[in-house]
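These notes concern the structure reproduced below.
Quick note: the coordinates plus some simple rules give every number you see, no bench work behind them. Remember, predicted model here, so these are calculated numbers, not experimental data. Every residue, glycine among them, receives a Cβ derived from its backbone with ideal geometry; neighbour counts consider all protein chains shown.
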């Protein structure tokens, strides 16, 4: 591969990697804000608007709380796993600096797949938690009135 071509793809790789990191950070922050905000909003809604919710809607409320807490927990685990993945990669780079032969023995980073799974769990738990909460609120605020 020519130097120009290598430099072009290397630079494009760096830009894409930076964009992925920024998007991952935004996604994590959004999930934390939305899940935490929805939990707080649900408590306020229960206290101020639907002090006596329809009994058959309580599973929606409980389900939303469970899912939103799962979302928060799994995004925190994803962030921790992502940090472990970076540590793993830095250790590999240090090994390569100390022993150039290690460059050809690039190990698979076990933390990458765990981070991916935790982020997906968090995203879907957040979406479903908001849907459950919206269902609870709709039934108790609109249909009950």
Q | Residue order, fewest to most beta carbons within 10 Å, for 87, 4 | A | 4, 87
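Based on the Cβ-Cβ distance from residue 83 to residue 15, what FRET efficiency comes out when R0 is 22 Å, to the nearest 0.05?
0.45
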Q: Evaluate the distance, in nm, between pseudo-label points positioned 7 Å from the Cα of residue 76 and of residue 52 along their respective Cα→Cβ axes.
A: 3.7 nm
Q) Pairing the Cα long axis of helix 58-98 with the longest principal axis of the chain, what angle in degrees results, from 0 to 90 and rounded to the nearest 10? A) 10 degrees
Q.
Contact order normalised by length for segment 30-143, with contacts defined as Cα pairs under 8 Å and 6 or more residues apart; what percent is it?
A. 46 percent
Q | Value at 222 nm in deg cm²/dmol, rounded to 500, when DSSP H runs of n ≥ 4 in the chain each add -39,500 (n - 2.57) | A | -29500 deg cm²/dmol
Q: Quick one: order 136, 88 by neighbouring beta-carbon count within 10 Å, fewest to most.
A: 88, 136
Q: Compute log10 of I(q)/I(0) for segment 81-135 with the Debye formula, placing one identical point scatterer on every Cα and leaving out solvent, at q = 0.20 Å⁻¹, to two decimals.
A: -0.74
Q: Report, to the nearest 10°, how far helix 110-138 tilts away from the longest principal axis of the Cα atoms in the chain, using its own Cα long axis and a range of 0 to 90°.
A: 20 degrees
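Give the order of 69, 126 when sorted by the count of other beta carbons within 10 angstrom, beginning with the fewest.
Neighbour counts put them in this order, fewest first: 69, 126.
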Q) If you bin the C-alpha pair distances of the chain every 5 Å from 0, what whole percents do you get? A) 2, 9, 13, 14, 13, 11, 9, 7, 6, 5, 4, 3, 2, 1, 0
Q. Using alpha carbon centroids, what distance separates segment 92-145 and segment 17-90, in Å?
A. 11 Å
